[in-house]
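Any read-out appearing in this document is the output of simple, stated calculations on the displayed coordinates, not a laboratory observation. Since the structure is predicted, the reported quantities are computational estimates derived from the model, not experimental observations. Virtual Cβ from ideal backbone geometry, glycine too; neighbours counted across all protein chains shown.
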Amino acid sequence: MKSGLVIWFTGLPCSGKSTLAHLLHESLKGQDVPSEIFDGDIVRQRLTKGLGFSKKDRLENVRRIAFVAHLLARHGIVSIVAAISPYQEARDEIRKEIENYVEIFVDCPLDVCQSRDVKGMYKKARDGEIQHFTGVSDPYEVPSKPDLVLKTSIEPQAKSLIRILNFLKEAGHIDIAE
Ligand SMILES: Nc1ncnc2c1ncn2[C@@H]1O[C@H](COP(=O)(O)OP(=O)(O)O)[C@@H](O)[C@H]1O
Ligand SMILES: [Mg+2]
């Protein structure tokens with residue numbers, strides 16, 4: 001069996017991280033590649049419950065996710081993370097710590113993310129009901145060296161999935177037919 005890896009989706013809220021992470025998860029499952037998904041929204045209810053959205057807490061949030069994702073990866077599992085992870089400092093730290101780390105920047109313009117507003121959070125942030133909301137009242141540092149960039153405002157989901165799978169195959173991370 002191939003060794004595991006950590007695939008980390010980073011991007012603004014509503015950029016498409018969860019959508020693509022789930023598509024990838026389903027695709028890998030269908031090809032008998034063991035994988036697990038760490039979705040920021042869910043992780044924050046359990047593993048990182050109690051953490052807020054200050055820079056310090058956001059760093060701690062991704063550090064804990066990285067720790068568990070790495071443990072699974074060491075056992076041959078593909079850990080798929082979907083978390084905003086807005087700070088370059090945190091992403092650099094993860095890359096240093098995890099040898100098989102693939103960073104995917106889900107790149108979508110803020111105005112498109114705002115118009116998607118899947119959970120109505122952007123509106124709440126603009127109305128001042130939520131503080132420290134990434135893209136509105138909190139920073140998102142564009143990744144300086146992502147392994148893959150997916151432009152979800154112009155590329156259909158299915159196309160992005162194919163590009164992810166192709167990248168993983170070409171980089172020798174996974175061994176699947178198509
Ligand atoms: N090409 C695309 N890739 C991913 N999501 C897309 C794309 N086009 C439209 N969407 C939509 O954008 C929304 C993204 O939401 P979500 O995946 O929850 O974002 P995030 O997890 O980054 O906050 C979904 O409603 C999804 O259907
Ligand atoms: Mg999400």
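Having 2 or more residues that are β-branched (Val, Ile, Thr) is the bar; report the strands (runs of 3 or more DSSP E) wholly within region 17-111 that clear it. Write out each step before concluding.
On the way: elements: 35-39, 78-82, 101-107.
Those strands (runs of 3 or more DSSP E) span 78-82, 101-107.
Name the single residue, out of those in region 144-163 being more than 11 Å from ligand 1 (Cβ to nearest atom) and touching a residue at least 40 places away in the same chain (Cβ under 8 Å), that is farthest from ASP32 (Cα to Cα).
Here the residue is SER144.
Within region 113-143, track down each residue that is among the hydrophobic types (A, V, I, L, M, F, W, C) and either at positive phi or in contact (Cβ under 8 Å) with a residue 60 or more places away in the chain (or both). Give the steps one after another, and end with the answer.
Just the residues of region 113-143 that are among the hydrophobic types (A, V, I, L, M, F, W, C), to begin with: 113, 118, 121, 125, 130, 133, 136, 142.
Those that are among the hydrophobic types (A, V, I, L, M, F, W, C) and either at positive phi or in contact (Cβ under 8 Å) with a residue 60 or more places away in the chain (or both): CYS113, VAL118, MET121, PHE133.
Within region 1-19, take every residue that is aliphatic (A, V, I, L, M) and crowded, with 23+ Cβ neighbours inside 10 Å and give me the one that is nearest to ligand 1 (Cβ to nearest atom).
The first filter runs over region 1-19 and keeps only residues aliphatic (A, V, I, L, M), leaving 1, 5-7, 12.
Those still in the list that are crowded, with 23+ Cβ neighbours inside 10 Å too: 5-7, 12.
Working: LEU5: 20, VAL6: 17, ILE7: 14, LEU12: 7 Å.
This residue is LEU12.
Kindly indicate whether GLU93 is more than 12 Å from ligand 1 (Cβ to nearest atom), of a type in the set (Asp, Glu), surrounded by fewer than 16 Cβ atoms within 10 Å (Cβ to Cβ) and without any contact (Cβ under 8 Å) to a residue 40 or more places away in the chain. So that I can check it myself, show each step before the final result.
Numbers: more than 12 Å from ligand 1 (Cβ to nearest atom): yes; of a type in the set (Asp, Glu): yes; surrounded by fewer than 16 Cβ atoms within 10 Å (Cβ to Cβ): yes; without any contact (Cβ under 8 Å) to a residue 40 or more places away in the chain: yes.
Answer is yes for this residue.
Contact list please: Cβ distance under 7 Å, first residue in region 22-48 and more than 19 Å from ARG74 (Cβ to Cβ), second residue surrounded by fewer than 16 Cβ atoms within 10 Å (Cβ to Cβ) and of a type in the set (Gly, Ala, Ser), pairs at least six apart or on different chains.
Every condition considered, no pair remains.
Which residue out of GLY40, GLY4 is small (Gly, Ala, Ser) and in contact with a Pro (Cβ under 9 Å, 6 or more places away or on another chain)? Before the answer, list the steps.
Numbers: GLY40 fails: in contact with a Pro (Cβ under 9 Å, 6 or more places away or on another chain).
None of the others qualify; the one that does is GLY4.
Limited to region 77-101, what total is found for residues that are within 10 Å of the chain's Cα centre (by Cα) and over 11 Å from LYS17 (Cβ atoms)? Quick ask: steps written out before the conclusion?
To start, the set of residues in region 77-101 that are within 10 Å of the chain's Cα centre (by Cα) comprises 80-85.
Filter again for over 11 Å from LYS17 (Cβ atoms), leaving none.
Summing the residues that are within 10 Å of the chain's Cα centre (by Cα) and over 11 Å from LYS17 (Cβ atoms) in region 77-101 gives 0.
Of all residues in region 43-89, which are in contact with a Pro (Cβ under 8 Å, 6 or more places away or on another chain) and either of a type in the set (Asp, Glu) or closer than 11 Å to VAL6 by Cβ (or both)?
Within region 43-89, ILE77, VAL78 qualify.
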